[in-house]
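The values are calculated or read from the model by the stated rules, or taken from the named source; none is laboratory data. Given the structure is predicted, the values throughout are model-derived calculations rather than measurements. Here the Cβ positions follow ideal geometry from the backbone for every residue, glycine too, while neighbour counts run over all protein chains shown.
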Amino acid sequence: MTTSAFEYLQIRTPEAIEFRIPLAGPVTRMLALFIDLCAISVITGTLQKVLGPFLKADSIAGLLMLMGFVISVGYGMACELWWRGQTVGKKIMRLRVVDMEGRRLEPSQIVLRNLLRFVDQLPAFYLVGGLVCLASSKRQRLGDIAARTVVIRHEDPFTPDLEQVLGGKYNSFLEHRRLSAKLRDRVSPALAGVALEAMLRREELEPQSRVALFSELAARFRAEVEFPAELTEQLSDEQYVRNVIEVLYRAPKA
Amino acid sequence: MTHNTQVSFLALALGMTFGLGTMVLVFYNGVILGAVCFDYIRDGQGIFLAGWLLPHGAVEIPAILLASQAGLVLGHALLGWNSRVPRSERLRSVGPDLATLAGGAAVFLVWAGIVESFFSQYHEPVVPYAAKIVFGVIELMAVVYFFGFSGAQHDD
């Protein structure tokens, strides 16, 4: 058992590209399961109401029980097959079932992991499955281990709204292609994110802190790449950072 | 019937206990069934028993056996005796087989359920015992033929 907040799935493709995807813990999966159970009970309830008047009392009881049983198992299979690894509950909680190595999810994997719910839900309320999920290094329950799948959570990619920051002013930095490319190469995503945050929240900062913050950011960026002096000497620190952000976040025109 | 369905898929799922749970479950169910049959036969109700259980049992028992076979396959893949392949690779190779076995068991169970609901429960004088026993025997022969002679032919 680890103590980190999230576990990450590390995939390294043969082309040496690495993915780091956050895994879903047992609590999130339990919440998704509750939602799924509600959906299943809705489906079985409607079926009972709809088909009830049509069939005789005797055979209907057995048939309804069988249908309820089939639906509770088949719901997971059908949803995950149709929606590429998501059920209704998982969609709401933004989770997804994926192959452990990042390959395409095979139908046999989905069938297998849903069939193994029978042992995961022993003795009650997925106790076995939950404990195995907690203890497993990849947050897998028994069904996931057998089917070689994991459940990941989607991280929302933060797409910055640039227009309110940049305001459409002319940016002389973009003219210098080589220096711009060098800047994009050198600056880490974390630093770019910090600069963008600062830009977005500049109105909320105290004046002195604002000046200090932007001078520090400008100094950091100047340390990475030196733009020609005739461009930068007339720019304030804030305008300098604004230009840098535009260079970093605007896709270069081909 | 739902109980037998649950038992069969539980037998599959218990393959994760390295097959031990599957064996225990199958043994237990066999003992129960055997005890019930013994009771009826000792009481002289053998023909009634055959007419009652054969039509759906001839298909349902093989279904349970299929599912427990899947459980044992899973347990074997987990154990990995005499294998140099890592566990995840063993599980990957056995996955489609498990799905096929489970699907086959499900089809058998559906058929057995239909027969049980609409045929097995009508005893004498509605449906004569002979008819039900003959039906059950035909089913049994079909099952044996399916397992024995269908599928890919191996030219050894």
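Within the range A:89-115, how many residues turn out to be facing chain B (nearest Cβ under 8 Å), touching a residue at least 40 places away in the same chain (Cβ under 8 Å) and part of a helix (DSSP H, G or I)? Please lay out each step first, then the result.
Residues of the range A:89-115 facing chain B (nearest Cβ under 8 Å): A:100, A:106-109, A:111-112, A:115.
Subsequent filtering for residues that are touching a residue at least 40 places away in the same chain (Cβ under 8 Å) retains A:100, A:109, A:115.
Then drop every residue that is not part of a helix (DSSP H, G or I), which leaves A:109, A:115.
The total comes to 2.
As an exercise: evaluate B:G103 against (1) more than 10 Å from chain A (Cβ to nearest Cβ); (2) surrounded by fewer than 22 Cβ atoms within 10 Å (Cβ to Cβ); (3) out of contact with any Leu (no Cβ under 6 Å at 6 or more places or on another chain); (4) of a type outside the set (F, W, Y) and give the number of the one condition it does not meet.
All conditions pass for B:G103, except number (1).
Return the residue satisfying two criteria in turn: it lies in the range B:8-40 and is within 23 Å of A:F69 (Cα to Cα) and not aliphatic (A, V, I, L, M), and of such residues it is nearest to the other protein chains (Cβ to nearest Cβ).
Step by step, filter the range B:8-40, then rank; the result is B:F9.
Here's a check for you: in the range A:7-43, which residue that is touching a residue at least 60 places away in the same chain (Cβ under 8 Å) and part of a loop (DSSP other than H, G, I, E, B) is surrounded by the most Cβ atoms within 10 Å (Cβ to Cβ)?
Of the range A:7-43, the ones touching a residue at least 60 places away in the same chain (Cβ under 8 Å) are A:7, A:9, A:11, A:13, A:19, A:21-26, A:28-33.
Those left that are additionally part of a loop (DSSP other than H, G, I, E, B): A:7, A:13, A:24-25.
Numbers: A:E7: 17, A:T13: 10, A:A24: 24, A:G25: 17.
Checking each candidate, the answer is A:A24.
Could you check the range A:156-254 for helices (runs of 4 or more DSSP H) lying wholly inside it with 2 or more residues that are closer than 30 Å to A:K91 by Cβ and modelled with pLDDT of 80 or more?
A:189-200
How many residues are buried (at least 17 other Cβ atoms within 10 Å of the Cβ) and in a helix (DSSP H, G or I) when one looks only at the range A:116-127?
Going through the range A:116-127 one residue at a time, the tally reaches 4.
Of the numbered conditions (1) within 11 Å of another protein chain (Cβ to nearest Cβ); (2) free of Cβ contacts under 8 Å to residues at least 40 places away in the same chain; (3) under 23 Å from B:L12 (Cβ atoms), B:G71 satisfies every one except a single condition; which is it?
(2)
Could you give every pair whose Cβ atoms fall below 9 Å, whose first residue belongs to the range B:139-154 and is in contact (Cβ under 8 Å) with a residue 60 or more places away in the chain, and whose second residue is of a type in the set (V, I, T), counting only separations of at least 6 or pairs across chains?
B:E139/B:V59; B:E139/B:V115; B:L140/B:V59; B:V143/B:V59
Can you name every residue in the range A:127-139 that is under 13 Å from A:M30 (Cα atoms) and more than 11 Å from chain B (Cβ to nearest Cβ)?
Passing the criteria: A:L127, A:G130, A:L131, A:C133, A:L134, A:R139.
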